[in-house]
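The values are calculated or read from the model by the stated rules, or taken from the named source; none is laboratory data. In this text, all values refer to a predicted model and were calculated from it rather than measured experimentally. Glycine also receives a Cβ, built like all others from the backbone with ideal geometry; neighbour counts cover every protein chain displayed.
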Amino acid sequence: MSNRRSRQSSSAPRISDDQIIDLVTKLREILPEIGQRRRSDKVSASKVLQETCNYIRNLNREVDNLSERLAQLLESVDEDSPQAAVIRSLLM
Amino acid sequence: MNTYNMVKQEFIKKWITTLHMLDSSVEHPLNVTERKNAIRLSSDIAMAATRSGATIWSRALISRTRKYTTTCKPVAHRILKKARNRMKNRCTTITRNGIFGAKMRVRKRTELLKSLVPGGELIYDKDYLIRETLDYIVYLQAQVDVMRTVAAIDSVTRDLS
């Protein structure tokens, strides 16, 4: 890792192929879209970055929606209701 | 039990704590929006706390949420304090990424990514940014998975009762 860093700072400023391949490999495991779409290693860096940004945005949006949904679901939950008991037992 | 399940387990524990902390500090009754914000806030803090101070994104997220609540301050303080020493030795070397023609797209999207990952704007090293991004995504997924499960259980029991 330290080799890569010193190599990067001393050579011309660009993302090395190593980094792109590394990132793509790791992201492929996590991002469903990229993995299914292409099999070649030559996925462009900008494409990968774009997919990553989209994915993060979608995840954040989903957290927001789920918060909204949970807020609505919990709205009428009182302490002794079965829902409360189930949630408690699930989370504890 | 694999690592991802352990992350989710840890997140659940932390989330219960933050939910209780927030619950005892707000004025009841809450309207839906207030409740939603409280749930979102507690979830984010819990996610960051699960990672604790080992990453930039988790600490940035904690300090970002600090302004919305005073009750979670002790948790935030503990995490930030623990991480301060760890971060002192981290290398954030500035690498100049010149705008050479086709690299413009990559640079633009890197900037976008930096704005999406908490604390990303503080990271200059590309290796570092990529590592933080991958880490952040894993914990985001755990957060989504857990919240999805809780929401599903709640609606199912509601239908049955």
> Taking the condition modelled with pLDDT of 80 or more and farther than 14 Å from residue B:56 by Cβ, does residue B:102 pass?
Replying inline: no
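Somewhere in region B:38-47, is a residue assigned to a helix (DSSP H, G or I) and surrounded by fewer than 17 Cβ atoms within 10 Å (Cβ to Cβ)?
No, there is no match, as no residue in region B:38-47 is assigned to a helix (DSSP H, G or I) and surrounded by fewer than 17 Cβ atoms within 10 Å (Cβ to Cβ).
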